[in-house]
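The values are calculated or read from the model by the stated rules, or taken from the named source; none is laboratory data. Computed from a prediction, not measured in an experiment: that's the story for all the values here. Methodologically, a virtual Cβ is constructed for each residue, glycine included, from the backbone with ideal geometry; neighbour enumeration extends over all protein chains shown. SASA here: full protein model, heavy atoms, side chains in, ligands and nucleic acids out. Shrake-Rupley method; radii C 1.70, N 1.55, O 1.52, S 1.80 Å.
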Amino acid sequence: MLRIAIQSKGRLNEDSLALFREIGIDVDDSKRRFLSQAPNFPIEFLYMRDDDIPQVVANGTAGLGIVGLNEVEEKGFDLTVVTKLGFGGCRISLALPKTVDYPGLSWFNGKRIATSYPNILRKFLSENAIDAEVEVITGSVEIAPAAGIADAIFDIVSSGSTLVSNGLREVEKVFFSEAVLVSAGRLSEEDKALLEEILFRIESARVSKDKKYILMNLPESAVEEAVRILPAMRSPTVMPLAAEGWCSLHSVVDAAGLWEKLRALKAIGAEGILVLNVDKLIP
Ligand code: ATP
Ligand code: MG
């Protein structure tokens with residue numbers, strides 16, 4: 001049984017659960033116990049605060065974890081990022097009151113910076129030879145300048161609206177993060193095989209997301225032109241229709257630029273064009 005630690009509540013919880021559901025692993029989170037077993041896959045979920053996830057994976061309590069790269073970096077345990085997951089995107093930035101002139105990094109010399117990420121901040125400061133004081137606070141870092149606790153902050157930013165509403169301006173983007181799947185690299189052979197299966201499913205889900213299945217009726221004389229418009233995985237499927245001189249063409253295409261492709265297909269005589277979502281795609 002492979003155990004995986006995920007955030008019990010907060011920004012990563014829903015997307016983590018949605019990821020498992022998308023790859024066909026059911027999660028029963030209705031009772032929100034701290035451990036729950038998937039009914040249709042040998043996996044057990046351990047619900048934790050995100051701060052504790054790097055530690056429980058590092059010490060082997062859980063074989064895998066889903067957590068922000070920011071927490072992995074801050075906590076400093078020896079963990080391997082198995083794959084990035086494409087959600088929970090954010091950055092950790094330096095910000096200061098918007099009325100203050102900012103000439104560049106040297107401004108921070110001798111200043112006090114409030115943060116919940118002292119390790120990432122200290123590393124950045126030392127790499128840039130900046131001598132500043134780090135004030136560790138665990139919540140509401142953005143109020144620190146107005147409260148007189150610090151001159152600037154080093155905090156998580158995604159849209160930037162929290163900074164704006166606190167009269168702050170982002171001046172340096174230091175660390176880019178997203179949710180990642182981590183392991184301490186000590187899985188049993190059995191758990192390794194389960195991880196392989198999970199990665200295979202995640203990859204298929206990822207590939208299918210940007211794809212559409214498209215089918216249409218087409219004059220046979222227009223097939224060559226249609227193939228140019230719709231480069232398929234290998235080549236599109238062409239089937240004859242009962243009507244003389246016509247065929248049905250099926251293909252899987254990138255969702256990007258779909259409307260342009262549809263217009264081009266209409267222009268060469270395609271009829272009855274049908275576009276469907278792709279649920280799973282195994283390349
Ligand atoms: P917990 O109670 O589990 O400790 P938390 O309050 O520390 O939760 P959340 O605010 O739920 O954490 O954020 C979890 C993670 O989501 C962050 O560590 C970060 O990786 C990511 N994230 C993405 N966007 C943001 C954002 N705008 N603010 C904070 N975190 C964000
Ligand atoms: Mg936390």
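Exactly one residue out of Asp50, Asp29, Asp101 is under 23 Å from Arg11 (Cβ atoms), of a type in the set (D, E, K, R) and surrounded by fewer than 19 Cβ atoms within 10 Å (Cβ to Cβ): that is Asp29.
Look through Gly24, Gly88 and report the one residue that is farther than 21 Å from Ala184 by Cα and buried (at least 21 other Cβ atoms within 10 Å of the Cβ).
Gly88 is the lone residue from the list that is farther than 21 Å from Ala184 by Cα and buried (at least 21 other Cβ atoms within 10 Å of the Cβ).
Restricting the search to strands (runs of 3 or more DSSP E) fully inside segment 230-283 and requiring at least 2 residues that are in contact (Cβ under 8 Å) with a residue 24 or more places away in the chain and either over 22 Å from Lys209 (Cβ atoms) or open to solvent by 100 Å² or more (accessible area, probe 1.4 Å) (or both) gives 246-254, 271-277.
Residues in segment 1-27 that are small (Gly, Ala, Ser), assigned to a helix (DSSP H, G or I) and either more than 14 Å from ligand 1 (Cβ to nearest atom) or without any contact (Cβ under 8 Å) to a residue 24 or more places away in the chain (or both): Ala18 only. Against the criterion of being closer than 25 Å to Arg201 by Cβ, within 16 Å of ligand 2 (Cβ to nearest atom) and surrounded by fewer than 20 Cβ atoms within 10 Å (Cβ to Cβ), Arg11 qualifies. The single condition from (1) under 29 Å from Ile282 (Cβ atoms); (2) open to solvent by less than 30 Å² (accessible area, probe 1.4 Å); (3) of a type in the set (Gly, Ala, Ser) that Gly185 fails is (2). Residues of segment 28-61 that are outside any strand (DSSP E or B), among the charged types (D, E, K, R) and more than 15 Å from ligand 2 (Cβ to nearest atom): Asp28, Asp29, Lys31, Arg32, Arg33.
If you go through segment 49-72 and pick out every residue that is within 16 Å of ligand 1 (Cβ to nearest atom), more than 24 Å from Gly24 (Cβ to Cβ) and not polar (S, T, N, Q), you end up with 10.
When Ser161, Ser221 are checked against the criterion of being open to solvent by 50 Å² or more (accessible area, probe 1.4 Å) and free of Cβ contacts under 8 Å to residues at least 12 places away in the same chain, a single residue qualifies: Ser161.
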